[in-house]
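J.: Here's a structure for you.
The values are calculated or read from the model by the stated rules, or taken from the named source; none is laboratory data. Please read all numbers here as calculations on a predicted model, not as lab measurements. All Cβ positions, glycine included, derive from the backbone under ideal geometry; neighbour counts span all protein chains shown.
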Amino acid sequence: MVAAMAKTPRDLHEWISFEDAHEQRRWVFDVTFLLSPWTCIFGQGCQGVLTGPAEDLVQGCCSYGAHFIDDEDVARVEAAAATLDATQWQFINKAKGGITKTSKDGEVTTKLVDSACIFLNRKGFAKGPGCALHQVAMERGTSYIDLKPEVCWQLPLRREEAVDAEGYVTTTITEWDRKHWGPGGEEFHWWCTEDARAFVGHGPVYRTMRDELVAMVGATTYAQLAAYLDDKVTTKVAVAHPTLRAKKRPKA
């Protein structure tokens, strides 16, 4: 009797981990996502994160504002906002009382204007739709990492920290999934890492988002990661992203 073969889990990902003795840290990386050709398709098919398709609004993932991680994050964005003018930022006049709001739970986010982030320029604005901070960085030829809220420039990358009883840190770099938004994430009509239309980049994520990864893990750690992934690209032996596997999977 031949044993039945186990089915490959639909959400299977490949991971790599290595130790950083200098920082007393273990790094864990989502190889499957980092090798995928995901790319942001804002304004090019992105349906947004509302409860129904909203491609025509061109809001991307800016509908609920940005959650700041700490006071330093807020201060950096406030300083960046102070350098913008009305030709660059559609809702600059709405920021006279500040750019943030605080929820009852103490969460600090960017203010909303007309049901989206205060920094989101809309259709009809001279600069076109998009994050004012991002647009200005492109105009200046500088990195938007220095201007945008941390969660905004990282997406869809996510850094997670865990500390054990001995104080040893495990840092995981993976993709931001709808579950990371909390219960509200399940209400999204659409999320970009679940749609094959967003996996059309001109290279793997670890290359196209190099600057973001360096900012998240440091140049030395990135170099170690990239050396490993370069070899995976050459050998073409890696677990494909679940979204791409689903695209190739024959219909029942």
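J.: Look through Gly98, Gly43, Gly106, Gly48 and report the one residue that is surrounded by fewer than 19 Cβ atoms within 10 Å (Cβ to Cβ) and in contact (Cβ under 8 Å) with a residue 40 or more places away in the chain.
T.: Every option except Gly43 fails the conditions.
J.: Here's something else I'd like to know. So is Lys148 in a loop (DSSP other than H, G, I, E, B), crowded, with 19+ Cβ neighbours inside 10 Å and touching a residue at least 24 places away in the same chain (Cβ under 8 Å) or not?
T.: Considered against the rule, which asks whether it is in a loop (DSSP other than H, G, I, E, B), crowded, with 19+ Cβ neighbours inside 10 Å and touching a residue at least 24 places away in the same chain (Cβ under 8 Å), Lys148 comes out as yes.
J.: Then there is this: Which number in (1) out of contact with any helix residue (DSSP H, G or I) (no Cβ under 9 Å at 6 or more places or on another chain); (2) modelled with pLDDT of 95 or more marks the one condition that Arg159 misses?
T.: (1)
J.: Still on this structure, please answer the following. Out of Gly130, Gly201, which single residue is closer than 30 Å to Ala86 by Cβ and touching a residue at least 12 places away in the same chain (Cβ under 8 Å)?
T.: Of Gly130, Gly201, the one residue that is closer than 30 Å to Ala86 by Cβ and touching a residue at least 12 places away in the same chain (Cβ under 8 Å) is Gly130.
J.: Does any residue of the stretch 156-164 turn out to be in a loop (DSSP other than H, G, I, E, B), surrounded by 13 or more Cβ atoms within 10 Å (Cβ to Cβ) and among the acidic types (Asp, Glu)?
T.: No: zero hits.
J.: Only one of these is assigned to a loop (DSSP other than H, G, I, E, B), surrounded by 13 or more Cβ atoms within 10 Å (Cβ to Cβ) and over 12 Å from the mean Cα position of the chain (by Cα): Gly185, Gly201, Gly167. Name it.
T.: Among Gly185, Gly201, Gly167, only Gly201 is assigned to a loop (DSSP other than H, G, I, E, B), surrounded by 13 or more Cβ atoms within 10 Å (Cβ to Cβ) and over 12 Å from the mean Cα position of the chain (by Cα).
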